[in-house]
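Q: Following this message is one structure expressed as structure tokens.
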Amino acid sequence: MSIKNILYYLLLASYSIIAGTIKGIVIDELDNSPMIGANVLLSNVAIGNSTNSDGVFVFSNMDKGEHNLQISIIGYEAYSKSIVMKKDEDLNLIIFLKRKPIIWETINVVGMFPSKHSPEITQIIDNKTLLQKNISSISGLLKSIHGFDLQMAHAHGRNVNISIRGSSDYKPGGYNNRVLLLIDGFPVSMPNSGAPDWNAIPLENIDRIEIVRGPSSSLYGHNSMGGVINMVTKSNAPNRSLTYDAGVGSFNINILNLNYSRDIKNVKVFTSAGYNYSNGHRFNADHNNIRGSLKIKSNSNNQKKWSLSTIITKSNNGQPGFIYPDNPELISYRQSKRVSSYIQLFYSFPIFDNGYLSSSVGLNQFHTIYKDRNDAPIEKIQRQTTYNDQMLLLRSEYQHFFNNKSILTIGAEFGNDQSKADVINSIYSQPLQRTLATFGQLKKNINALWKMDLGIRYDYRWVRGGKKYPKKIFQALSPKFNIYFQSTPGKQYHLSVNRGFRAPSISELFLEHESSYGLQFRGNSGLQPEYLTAAEIGFKNHANQNYTWFTNIFYNYYSDMIDFVYSIPVESLNRTNIEGYGFELGSNFDLPFNVARLEVSYSYLDMTDLKNQDMPLLYRSKHKVKGSINRKFFKNTNFSILFNYKSSQKYEDFLSDDHPVVDNIFRFPINKIPETILFDLQLSKSYTNYKITGIIRNIFSKEYVLIQHYPMPGLTWQINFSKQLN
């Protein structure tokens, strides 16, 4: 017996021994690390479990006889073995799983959108990777992914924009978001701005993240023209499990997260609670967030599936101002408080032969108050501003599964959005948006090597600013065509052509607001929807798990792009003939002599306004390099260096007093944010159910900004401690 197997048996022996037990540890065959959250099933007796933080599972009080053990986890080959158990016997198993590229299997999106993503163009970040990265905010994760860029005031702030392949830029208020963010398939964007509530995302309870780059309007319609991020909460856990995570760090950071799950008859219950606090890295950059979630789902072998979940978040955030050398009076004393709540219900049952009918309903509500700090000087006091937003979404679809693994999906969707906010032009009472959509999708296996993915969706959207004003009608047809070729089990090519659209948000249509730094914003009720036509070709090579690589080449063409143009006042306008192209290249491989494993990616982007080249596309870096070097030491110790390079990017200095009038339009100077390269260090140590992690971010204390005149933190540190109790 090898030393490695002896160590694994010692680990199993550390767990309590109960008569008639089946115990095992599930291991990654390549790097010998324990597999966390693997699904374990004894199919003959319909008993399920999952592995803990050590990769261990336990079935107690088992009857003698033959049992069929099945183990599965995303990204690995399924494991199945028949085991024979004698009376009062204790079985100790060591199971090694082989890695497998996610290529020709379908991915279930649980919740509002049970439709299947195309796994060939979907990146999945599993629970194991999330634990290794020790993420405390969604922005901290996304900034490390190829093709992504983020502009933000601070990690837990209100004003954050996600950009995939240059789809978005930074605009105050979080407008111009063209990436749809989902939790369990349910959209979490607010009707007023179209932006998500970043502080409401229950990171402590995320099982995996699914990412689709490029237009996804054929499935999701409005707001998904740049891509989709679906955050899937945990749905599999031991019969009874409690985990907690606590952390402290720079600027008085305090973090506490709790997760508890248990089985109650044929129902599985998941609860979570999270607390996150910091003084902030400078004046008025503090945050204080509390959130809780409850998820109940069916846990039986019945083919009827249902789930009910709710998330409630209360967040308080400072709104720090710009630090502008020519105007030191731009200090902001504004604060914001928000209560966000989500209720989501999903039900699915079999119908006809090999068919399923699914229905979903989601209700999101946001109540936000912006007000002055208690220590605000009299000359800085502004009136209180209140937002009340509500989103209702209903969706039904039928899916038919064919014997050749082809899938046909047809369905319909209804959405109702309304917003009542003090920043809306006073001539409009309470803007309302309604959407009715139908869609169809076909994923077909042409033969053993070729697969085709077709889809089309029709959206009919009407918007009403007030009872005295006529309705605005927006219509869009969003087709997609994807084809995939798998030359060998580990090599795959794909070609995608998609069309996406985004209707203007309520704020872009009806806004009338003056910011705390004196800039006036005005909506444009004459805006038209924007469209994106995108083409992409790509290749993935997973033939050798010690060395994998990918490359994608893409072309995007925007028509009627909606943009806040910095004039006086700032107004939303449609820009035509916007072109963008670029490529991505990445690899993951072992360095010589197995000293460490390197993960690196490079992204190139070039965007141009073909009609008016004097108006550059802002906040789009041409070059980005991201990666990490990971080294594993003896006794479950991991050391990582993470790096992130971004080339310079243009911005319009709307704080400048130098704004000449050209063609009756105020022109602000175009400046550049310098290139930046940041390094982080991370060291973690695991022992049985315990894990401690130390993180140092920006280790060289680099001075940098992500948006103009807003300094980000220098060197910071954080220590996290976590434990799992079964």
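Q: Just grab the label-to-label distance for Val267 and Ser43, each label 7 Å out from Cα along the Cβ direction, in nm (one decimal).
A: 3.0 nm
Q: Roughly how many Å is it from the Cα centre of region 690-726 to that of region 277-325, as a whole number?
A: Region 690-726 and region 277-325 have Cα centres spaced 19 Å from each other.
Q: Say each of Lys685 and Glu514 gets a label point 7 Å from the Cα, pointing the same way as Cα to Cβ; how far apart are those two points in nm?
A: 5.8 nm
Q: Per Stokes-Einstein, at 20 °C and 1.002 mPa s, what whole-number D in µm² s⁻¹ belongs to region 189-725, with the Kirkwood radius over Cα pairs as the hydrodynamic radius?
A: My calculation gives 81 µm²/s for D.
Q: Right, here's the next one. 5 Å is the cut-off here: which amide hydrogens, built 1.01 Å from N in the peptide plane, fall below it relative to Lys622, excluding neighbours closer than 5 in sequence?
A: Placed amide hydrogens put Ser647 under 5 Å from Lys622.
Q: While we're here: Compute the signed sum of charges (Lys and Arg +1, Asp and Glu -1) over the other residues within less than 13 Å, Cβ to Cβ, of Leu678.
A: Taking every Cβ under 13 Å from that of Leu678, the sum is +3.
Q: Assuming R0 = 51 Å, what is the FRET efficiency of Lys304 and Asn546, from their Cβ-Cβ distance, to the nearest 0.05?
A: 0.70
Q: Given 0.36 nm per residue, what is the gain on full extension from Asn354 to Glu29 after removing their alpha carbon distance, in nm?
A: 113.5 nm
Q: Oh, and also: Note down the nm distance, to one decimal, between modelled labels 7 Å out along Cα→Cβ at Ile312 and at Ile446.
A: My value for the distance between the label points is 5.3 nm.
Q: May I pose another question? So how tilted is helix 3-13 from the main axis of the chain? Cα-based, degrees 0 to 90, rounded to 10.
A: 90 degrees
Q: May I ask you to derive the FRET efficiency for Asp657 and Val565 from their Cβ-Cβ distance with R0 = 22 Å, giving the value to the nearest 0.05?
A: 0.70
Q: Only loop residues by DSSP count here, and only those with at most 13 other Cβ atoms within 10 Å; note down the trypsin sites (Lys or Arg not before Pro) in region 351-427 that meet that.
A: Arg383, Lys405
Q: Short version: ³J(HN,Hα) in whole Hz for each residue of region 262-274, in order, from phi by Karplus 6.51 cos²θ - 1.76 cosθ + 1.60 (θ = phi - 60°), x for Gly and Pro, what are they?
A: For region 262-274, the Karplus-derived couplings read 7, 9, 10, 6, 9, 10, 10, 10, 10, 10, 8, 9, x Hz, x marking Gly and Pro.
Q: Also, quick follow-up: Output wanted: per-residue J couplings in Hz (rounded whole) for region 619-625, from phi through Karplus 6.51 cos²θ - 1.76 cosθ + 1.60, θ = phi - 60°, x for Gly and Pro.
A: Here the 3J(HN,Hα) series is 6, 10, 6, 6, 10, 9, 10 Hz.
Every read-out reported here was derived from the displayed coordinates using simple, explicitly stated rules and does not represent laboratory data. The model shown is predicted, which means the values in this text are computed figures rather than measured ones. Note: ideal-geometry Cβ built from the backbone for every residue, glycine included; neighbour counts use all protein chains shown.
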